[in-house]
1. From B:Val216, B:Val205, which residue is among the aliphatic types (A, V, I, L, M), more than 9 Å from chain A (Cβ to nearest Cβ) and in contact (Cβ under 8 Å) with a residue 12 or more places away in the chain?
2. Just one of A:Arg320, A:Arg306 is of a type in the set (Lys, Arg) and facing chain B (nearest Cβ under 9 Å); which is it?
3. Considering B:Ser69, B:Ser124, B:Ser140, which residue is among the small types (Gly, Ala, Ser) and touching a strand residue (DSSP E or B) at 6+ places or on another chain (Cβ under 8 Å)?
4. So how many residues does region A:143-157 have that are closer than 17 Å to A:Arg114 by Cα and among the charged types (D, E, K, R)?
5. I'd like to verify a number: residues in region A:92-110 that are in a loop (DSSP other than H, G, I, E, B) and at pLDDT below 90, how many?
6. With the checklist (1) out of contact with any helix residue (DSSP H, G or I) (no Cβ under 8 Å at 6 or more places or on another chain); (2) more than 10 Å from every other protein chain (Cβ to nearest Cβ) in hand, flag the one item A:Gln294 doesn't pass.
7. Please tell me if B:Ala176 is surrounded by fewer than 20 Cβ atoms within 10 Å (Cβ to Cβ), assigned to a helix (DSSP H, G or I) and either within 13 Å of chain A (Cβ to nearest Cβ) or at pLDDT below 95 (or both).
8. Which members of region A:405-431 meet the condition of being farther than 18 Å from A:Ile278 by Cα, in a helix (DSSP H, G or I) and within 14 Å of chain B (Cβ to nearest Cβ)?
Amino acid sequence: MDLSADALVKRYPGVLALDGVSFAASGGEVHAVAGENGAGKSTLMKVLSGAVRPDAGTLAVDGRSVRFESPHAAHAVGVRMIHQELSLVPELSVAENVFLGAEPARRGVVDRARQHAAARAVLDRLGQARLDPAARVADLPLAARQMTEIAKAVAADARVLIMDEPTAILAQEETDALFRVIAQLRDEGVAVIYISHRLEEIFRIASRITVLRDGRVVESASLAGMSRTDVVKLMVGRELAAGYPRPAAAPGAEVLRLERVDSGPVRGASLALRRGEIVGLVGLVGAGRTELAQAIFGAAPLTGGRMFLDGAPFTPRTPREAIAAGVGLLPEDRKRQGLVLMGTIRENVSLPSLGAMAPRGVVDRARERAGVARWVEALAVRPPMLDRAAQQLSGGNQQKVVLARWMLRHSRVLLFDEPTRGIDVGAKAEIYALMRRLADDGAAILMISSDLPEALGMADRLVAMRDGRVVGELTRDEATQERVAALILGESAAA
Amino acid sequence: MNVPRMTWQRVADSMLALATVVEATVFAFIAPGFFSLDNAVNVLLSVAVTGILAVGMTAVILTAGIDLSVGSVVALTGVTGAMAAAHGFMPATMALLVAVLVGTATGVVNGTLTAYLEVPAFISTLAMLTIARGLAFIVSGGRSIGDLPSSFGALGRSVIAGIPAPVLVMAAVMLAGSFVLRRTVFGRHIYAIGGNTEAAWLAGVNTKRVIWWVYVLNGALAGIGGLTLASRLGAGVPNAGQQYELDVIAAVVVGGASLFGGRGTIAGTLWGTVFIGVLTNGLNLANVDPYVQKIALGVVIVLAVVGDEISRRKRSAG
C-alpha cells in the first residue's frame with residue numbers, strides 16, 4: 001500500500017512545524033525520515049498517523065484522498081504508528097494487548113483460547129517463537145514489548161508502519177532481530193516509515209530517505225549513491241541565521257569544574273565553565289545533556305566524580321543547595337518544570353528569593369515588588385504586569401520570567417536547557433542578547449541546545465556529548481556544523 | 001502597573017458571598033426565626049469547630065493533599081484534653097496543652113508518612129482516621145470523660161461581648177491562617193507546591209518539609225478544634241467528631257479551593273463554612289426533613305465542584 005502526503009502545513013503557536021511538506025512511502029520499501037530535533041519529523045508522523053490534523057494539505061492512500069480524524073481512522077485503513085513510548089497496557093498479557101479492542105469473542109465473552117492461538121500465530125509469523133502470549137507485558141523486557149506492539153499492528157493487518165526511533169531502547173542483538181522483522185514485513189509489501197538519528201541503521205535498512213529541516217523537505221531520494229557525509233550535510237547544512245550577539249572578549253576565571261562526573265546516564269563527564277563565557281552543550285536526545293545539567297543543579301544524585309565551585313568541592317544534594325551556592329536552571333520544559341502556571345509573574349520570579357526578602361518569615365511585599373519589577377523591566381517582559389498569571393504569557397515571556405528569577409537571585413552559574421525551544425524568532429533574539437549580557441556581567445553559562453546553528457552562533461566553546469560521555473570540545477573557531485555533527489553522531493567518516 | 005488581579009479565586013469568593021446573601025434572604029422569608037441576631041450567632045456557633053478545622057484543611061488541600069483523620073483526632077484530643085483537666089492542676093491550660101500536643105503528634109505521623117515516605121495522603125490519613133478513633137476509645141475506656149472542673153468549659157461556653165468563645169477562636173484561627181498563607185514564605189511555598197510541585201522544588205523550595213509542616217499544623221489545629229468541642233460539650237466524648245472530615249472538606253471545596261492544589265483562600269473557606277452553616281440552620285428552621293437536608297448538602301457540593309471544573313477549563317482556555 002502507498003501512503004502519500006501533499007503540501008502539508010501545520011502551525012503551532014509561534015512555530016511553523018510543517019511548511020508545505022510532501023512525502024510518499026510505497027509498499028515494499030523502507031523509507032527513512034531524518035532531520036535535526038525540531039525539523040518537523042514528529043509532527044509529520046503525527047499527521048500521517050492521524051494523531052494531528054494538518055492546517056492545510058492532503059493525504060492519500062493508494063492514490064485515493066483520505067482524511068484521518070483520529071489515529072483510529074488511520075488504523076481502519078491500515079496505517080499504524082509504533083510509538084517510542086509504547087502504547088501497551090502493562091498489566092495485561094501479550095495476547096490481550098495484541099487483540100486489545102479487537103478481542104475474538106462470543107456474545108461479549110472473550111474467547112481466550114482463540115485469542116491465545118491467534119496471538120501465537122502472529123508471533124510465529126514474526127519469528128518470535130520464544131515470546132509467550134500469556135506473559136504479562138510488565139514482566140517483559142523492552143524489546144519484547146516492542147515486538148508485542150509490532151504484533152498488534154500486524155494482527156490488525158497494518159499496511160503502513162511508522163516507527164519512531166525504534167532502536168533507541170534496544171541492544172545490538174535486539175536491533176538485529178528487529179531489522180529481520182522489518183525486512184520481512186517489507187518483503188510482504190508493507191510500507192515502513194523509519195525515523196532514526198542513527199545513520200548507520202538508515203543505510204542498513206532503508207532504501208529511500210527524506211530529510212527535513214525547519215519544517216521543509218530538503219531532499220527526498222534513493223539512498224543508493226549517497227554517502228553518510230551527504231546525509232549529515234543535508235540534515236545540518238543551514239546557513240547561520242543572523243542576530244547572534246558578538247562572542248565574549250576574554251573569559252575570566254574558572255567558576256565551575258566537573259571531574260569525571262557520573263549521574264544517571266552520564267558517564268565520566270568532565271568540563272569547566274569560566275566567568276563571562278557561554279559554553280554550548282550539544283548532543284542528540286538521550287546523550288545525557290539534560291541529566292548532566294540536573295546533576296550540577298542538585299536535581300539528580302552524583303554517583304561518581306567530583307564538582308568544584310570556585311575551587312571548593314561542590315556537591316549539592318537538592319536544587320535548594322545548588323541555588324544557595326549561586327546556580328540557576330532554566331529547565332527544558334518550562335511549563336512543567338519552570339513555572340507555577342497559575343501563579344503570577346511576581347510569585348514566579350521571587351520564589352527562590354523569598355527567604356532573603358522576608359524578615360522573620362513574613363514577606364516584605366514592597367521589597368518583593370520592587371525587586372521583581374526591576375527585572376521584569378530590564379528583561380522587557382510583556383505585559384509588564386506583576387500580577388498577571390504566568391499561564392497567560394507567551395512562551396518567550398514565560399522564559400524571561402524564569403530568567404528574571406535567577407537574575408533577582410544573582411545566580412553566577414546559569415544552566416540553560418533548550419532556552420529557545422518553542423518560542424518565536426523575535427523572542428529568540430531577545431533571549432540571545434540577554435544571555436550575552438549576563439555573561440558580560442560575569443555569569444558562567446552552560447547552554448544546552450539541539451539547534452546546531454544556535455549553539456554555533458551563541459557559544460564561545462562547544463562541548464559535545466554522545467551516549468552519556470563527553471566526546472569532544474571545540475573552540476568557536478574550530479566549530480563547524482559538519483565537525484559538530486560528526487562528533488554528536490559518532491561519524492568519524494563525516495568529518 | 002498595579003492593576004488589581006481579577007482571578008477566578010476572587011470571582012469564586014464573591015460569587016459565594018453573593019450566594020450566601022441570596023440563601024439567607026430566601027430563608028428570611030421561609031424559615032421562621034431565621035432573621036435575627038441571635039440566630040446569626042447560632043449559625044456561627046454551629047460552624048465554629050468546622051471552621052477551625054477548615055483552616056488547616058485549606059492548607060492541606062492547597063498542597064493537593066487531603067486529611068481524612070481530623071474527625072477522629074477531634075475525638076482523641078477532646079478525650080485526652082478532658083483527662084488532663086480531670087487531674088485538677090490548672091485544668092483549662094493543661095487540657096489545651098495536652099490536646100494540642102496530641103493533635104500535633106497525629107500530624108507528625110500523617111506528615112512523615114505523606115511527605116517523607118510518600119504514602120498517598122488519602123491512605124495515610126485514612127489509617128490515622130481509624131487509629132485515632134480506636135485510641136480515643138481505649139484511653140477513655142469507651143466512656144465520656146465528664147465531671148470536670150468548671151474552668152474546662154471556658155473555651156466552649158463563655159461568651160465575650162455577646163459572642164460565644166468558639167466563634168472567637170474560629171475568627172482568631174482564620175485570621176492567623178489567612179496571614180500565614182498570604183504573607184509568609186511558608187504560605188507562598190504552600191501555593192507554589194500545590195501549583196506545580198516539581199517547579200517549586202527546582203526553584204529551591206524544600207517541598208517535603210513544607211508538606212510535613214502542613215500536616216503537623218493541621219493536627220495541632222484539630223487539637224484546638226477537639227478541645228473547643230469537648231469544652232462546649234462539657235466532656236471528652238470518644239465518638240465525637242464522626243464524619244467531621246467530610247463536613248470540613250465540603251466547606252473548603254465549596255469555598256473554591258481546588259482539590260488539584262494551588263488554588264484556594266481562607267476567605268473562600270470562611271464563606272464555604274458559613275454557606276453550609278446557613279443552609280443547615282435555615283433548612284432546620286424551615287422544618288425540612290433532615291434526610292432531605294443531606295441531599296441538599298450533597299447537591300451544593302456537586303455544584304461547587306462542577307463550578308470549579310468549569311472555571312479551570314476557562315482558565316486553561318484563556
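The values are calculated or read from the model by the stated rules, or taken from the named source; none is laboratory data. A quick note: this is a predicted structure, and the numbers were derived from the prediction, not measured. With ideal geometry, Cβ positions are generated from the backbone for all residues, glycine too; neighbour counts draw on all protein chains shown.
1. Values: B:Val205 fails: more than 9 Å from chain A (Cβ to nearest Cβ).
Answer to the check: B:Val216.
2. Values: A:Arg306 fails: facing chain B (nearest Cβ under 9 Å).
Of the residues listed, the single one that is of a type in the set (Lys, Arg) and facing chain B (nearest Cβ under 9 Å) is A:Arg320.
3. On the way: B:Ser69 fails: touching a strand residue (DSSP E or B) at 6+ places or on another chain (Cβ under 8 Å); B:Ser124 fails: touching a strand residue (DSSP E or B) at 6+ places or on another chain (Cβ under 8 Å).
That would be B:Ser140, the only listed residue that is among the small types (Gly, Ala, Ser) and touching a strand residue (DSSP E or B) at 6+ places or on another chain (Cβ under 8 Å).
4. Residues in region A:143-157 being closer than 17 Å to A:Arg114 by Cα and among the charged types (D, E, K, R): 1 in total.
5. Our first condition is that a residue be in a loop (DSSP other than H, G, I, E, B); within region A:92-110, this holds for A:92, A:99-104, A:107-108.
Those left that are additionally at pLDDT below 90: A:100-104, A:107-108.
Total meeting the criteria: 7.
6. For A:Gln294, the failing item is (2).
7. Values: surrounded by fewer than 20 Cβ atoms within 10 Å (Cβ to Cβ): yes; assigned to a helix (DSSP H, G or I): yes; either within 13 Å of chain A (Cβ to nearest Cβ) or at pLDDT below 95 (or both): yes.
Spelling it out, B:Ala176 is indeed surrounded by fewer than 20 Cβ atoms within 10 Å (Cβ to Cβ), assigned to a helix (DSSP H, G or I) and either within 13 Å of chain A (Cβ to nearest Cβ) or at pLDDT below 95 (or both).
8. Applying the first criterion (farther than 18 Å from A:Ile278 by Cα) to region A:405-431 yields A:405, A:408-409, A:422-427.
Remaining after also requiring in a helix (DSSP H, G or I): A:405, A:408, A:425-427.
Those that are farther than 18 Å from A:Ile278 by Cα, in a helix (DSSP H, G or I) and within 14 Å of chain B (Cβ to nearest Cβ): A:Arg405, A:Leu408.
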